[in-house]
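S.K.: Take this structure, written in structure tokens, and hold onto it; I'll ask about it next.
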Amino acid sequence: MSVLRRPIVGIIGNWHEVEGRYPVHSGGQMNTEAVAEVAGCLPLIIPADPNYVTVEELTGICDGFLLTGGRPNVHPSEYGEAETPAHGAFDRGRDAITLPLVRACVESGQPFFGICRGFQEVNVAMGGSLHPEIREIPGRMNHRMPPDGTLEEKFAPRHPVLFTEGGVFHRLMGAQEVLTNTLHGQGICRPGARIVVDGRAPDGTPEAVYVADAPGFTLSVQWHPEWRAAEDPVSRPLFLAFGRACAEWAAGHR
């Protein structure tokens, strides 16, 4: 007899060293809470490294994927550029899993939701490129996390995002303009093939995208909606829609 279970969401983990010497794969608690409490799915943190998992195994086990934020950046060689100090730290194991994972999900219709670095991964996976440091571009604001303050202060809303009138995000939110936090240094330079920029910050920085003509959920945002997702009026609709997409996938593929 089959057992009813929640849809499984693979939360892409990040590799880092604790105190500079103890290697871990980890995922932020806010991501787990948003997946479990708002999306209504079973959160499963994934060690994103091809030494331990394959894309085929992940797509076979999970019903959807949360492409999380993280301090390491996508390596610039993935979009044809040379590494510079401005590109920051990297996680090549994560690159090796998430980029082909995005392409596989776009092809199959398996849902994914990209956040911050995950948003950037979606663009790179589809052939796009990134600016290494948004704040150095004339006319752009500083989108980075404030260096000081409490979590509430770091994740506080800092700028509006304007969606395309009548577009996917406008319809989902029920509003053309929303207020979001901002905690990123890099951003989209050249949109990848089929990447639709559906929302921008006041300085023109892309903030909301999806993949055109993809059969499944591909919404991705540059801000961090996992912060207080259960109560935030901008975050909650995103995780609810993602959860519905994962449930629909699970219903058709178990």
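No lab work stands behind these numbers, since they all come straight from the coordinates. Just so you know, these numbers come straight off a predicted model, no measurement behind them. Heads up, the Cβs are rebuilt from the backbone with ideal geometry, glycines too, and the neighbour counts pull from every protein chain shown.
S.K.: When ranked by the protection proxy of mean other Cβ atoms within 10 Å per residue, highest first, what sequence do the peptides 115-127, 72-84 form?
M.R.: For the peptides 115-127, 72-84, the packing ranking is 115-127, 72-84.
S.K.: What order, most packed first, do the peptides 47-54, 244-251 have when packing is the mean number of other Cβ atoms within 10 Å of each residue?
M.R.: Values: 47-54: 15.5, 244-251: 19.1.
Descending mean neighbour count gives 244-251, 47-54.
S.K.: Any idea how far the Cα center of region 35-50 sits from the one of region 139-154, in Å?
M.R.: Value for the Cα centre distance between the two parts: 26 Å.
S.K.: Also, I was wondering about something else. Given the -39500 (n - 2.57) contribution per DSSP H run of 4+ residues, what per-residue ellipticity at 222 nm results for the chain, rounded to the nearest 500 deg cm²/dmol?
M.R.: On the way: 7 runs with 67 residues, N = 254.
-7500 deg cm²/dmol, from helical runs alone.
S.K.: Just want the answer: with Cβ charges of +1 for Lys and Arg and -1 for Asp and Glu, which residue in Met30, Gln176, Val55 is farthest toward the dipole's positive end in region 8-253?
M.R.: Value: Gln176.
S.K.: Right, next: Could you derive backbone 3J(HN,Hα) for region 189-200 from the dihedral phi with the Karplus parameters 6.51, -1.76 and 1.60 (θ = phi - 60°), listing whole Hz in sequence and x where the residue is Gly or Pro?
M.R.: Couplings: 9, 10, x, x, 4, 6, 7, 9, 7, 10, x, 9 Hz.
S.K.: For a quick check: with amide H placed at 1.01 Å from N, whose amide H comes under 5 Å from Phe90's, ignoring anything fewer than 5 positions away on the same chain?
M.R.: Here Asn73 satisfy the definition.
S.K.: May I ask for the net charge around Glu226, where only other residues with Cβ less than 10 Å from the Cβ of Glu226 are counted and Lys, Arg are +1 while Asp, Glu are -1? If you can, show how the numbers build up before the last one.
M.R.: On the way: positive: Arg228; negative: Glu33, Asp232.
Counting the neighbours of Glu226, the net charge comes to -1.
S.K.: Okay, moving on. Ranking request for peptides 55-64, 138-147: highest mean number of other beta-carbon atoms within 10 Å first, then the rest in descending order. Walk me through the numbers before you get to the answer.
M.R.: Values: 55-64: 17.7, 138-147: 13.2.
Answer by packing, highest mean first, reads 55-64, 138-147.
S.K.: Under a 5 Å amide H to amide H cut-off, with H placed in plane at 1.01 Å, what residues pair with Ile188 once short-range neighbours are removed?
M.R.: His131
S.K.: Another question, if that's okay. Which value results when the Cα radius of gyration for the chain is divided by 2.2 N^0.38 Å? Please report the intermediate quantities before stating the final value.
M.R.: On the way: Rg = 17.1 Å, N = 254, 2.2 N^0.38 = 18.0 Å.
Compared with the compact-globule rule of thumb, the chain sits at 0.95.
S.K.: With +1 on each Lys and Arg Cβ and -1 on each Asp and Glu Cβ, and nothing else charged, work out how big the dipole of region 8-253 is about its Cα centre, in Debye to the nearest 20. Kindly include the intermediate steps, with their values, before the conclusion.
M.R.: Numbers: 18 positive and 30 negative charges, 59 e Å.
That gives a dipole near 280 debye.
S.K.: Principal axes first, then extents: for the Cα atoms of region 21-138, list largest minus smallest coordinate on each axis, whole Å, largest first.
M.R.: Answer, in whole Å and largest first: 42, 32, 31 Å.
S.K.: Still on this model: Which far-off residues, 5 or more places away or on another chain, put their amide H under 5 Å from the one on Thr180, with H placed in the peptide plane?
M.R.: Here the answer is Arg158, His159, Val161, since their amide H atoms fall under 5 Å of that of Thr180.
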